[in-house]
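The values are calculated or read from the model by the stated rules, or taken from the named source; none is laboratory data. Everything quoted here is computed from the prediction, not taken from an experiment. Cβ atoms come from the backbone with ideal geometry, glycine included; neighbour counts cover every protein chain shown. The area values use the complete protein model at the heavy-atom level, side chains included, leaving out ligands, DNA and RNA. Shrake-Rupley method; radii C 1.70, N 1.55, O 1.52, S 1.80 Å.
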Amino acid sequence: MQQKNASRRKPQSSAPVGRAAAARPARSAPPADWAQAELRPLPGLAYGVLDELLGYALRRAQNALYLHFQRSVDRADVSPQRFAALVLVAQNPGLRQGLLADAMGLHRSGGMRLTDWLCEQGWVQRADDPLDRRSWTVHPTPAGLALLESVTAQVRTHDEALLAALGDEGPQLRRLLDRLAAAANALATPMPPSG
């Protein structure tokens, strides 16, 4: 349950201090889930077991997808995670903040930080949960819905380009990824003791 009275820490600035601060313009830090550079195999570097692992191949693919997403979306501050959160809020107005965190696979504190950021942008607003006064619900704002409409068109173009690059195998890959996620989740579920 997301508590309203939870203390919120003010984000610490990572801006340079002293003379170096005056020489460099201030930049906002990229989102935590932002890909910084291509994750390609480097010539001459031995990757050992990593080259055999499905998870590492997926990590390389995810990195490439994130970079393509970044180049495709003209808003530098909309990461794939922030886009997904905004879609979920827009499709489910009144969603509990804690349920948003669960849907995003985030710890509650991560969900709170993500919601804080969306609210600071003016794209989402919190409201009292009518069923639980200790919790918040989240709602899209008109500005958030307008942004989402614009960014969604760009994300669809990004996705269609990737599927086109795969040809006939694109739809099959999507189904296989869904099956892989279901299989991995099933394997992660603790088995009941036999007896």
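What the table below lists for this structure:
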{"quantity": "Breaking point among (1) buried (at least 16 other Cβ atoms within 10 Å of the Cβ); (2) under 15 Å from the mean Cα position of the chain (by Cα); (3) closer than 24 Å to Asn63 by Cβ, for Val89", "calculated": "(3)"}
{"quantity": "Selected residue (criterion: surrounded by the fewest Cβ atoms within 10 Å (Cβ to Cβ)) from residues of the range 70-86 that are modelled with pLDDT of 90 or more and assigned to a helix (DSSP H, G or I)", "calculated": "Ala84"}
{"quantity": "Only one of Thr141, Thr137 that is touching a Phe, Trp or Tyr at 6+ places or on another chain (Cβ under 8 Å) and open to solvent by less than 60 Å² (accessible area, probe 1.4 Å)", "calculated": "Thr141"}
{"quantity": "Breaking point among (1) out of contact with any helix residue (DSSP H, G or I) (no Cβ under 6 Å at 6 or more places or on another chain); (2) part of a helix (DSSP H, G or I); (3) surrounded by 15 or more Cβ atoms within 10 Å (Cβ to Cβ), for Gly111", "calculated": "(1)"}
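Each row is one residue, and each column tells you yes or no for (1) part of a loop (DSSP other than H, G, I, E, B); (2) touching a strand residue (DSSP E or B) at 6+ places or on another chain (Cβ under 7 Å); (3) in contact (Cβ under 8 Å) with a residue 60 or more places away in the chain.
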| site | (1), (2), (3) |
| --- | --- |
| Arg126 | no, yes, no |
| Thr137 | no, yes, no |
| Thr157 | no, no, yes |
| Ala164 | no, no, no |
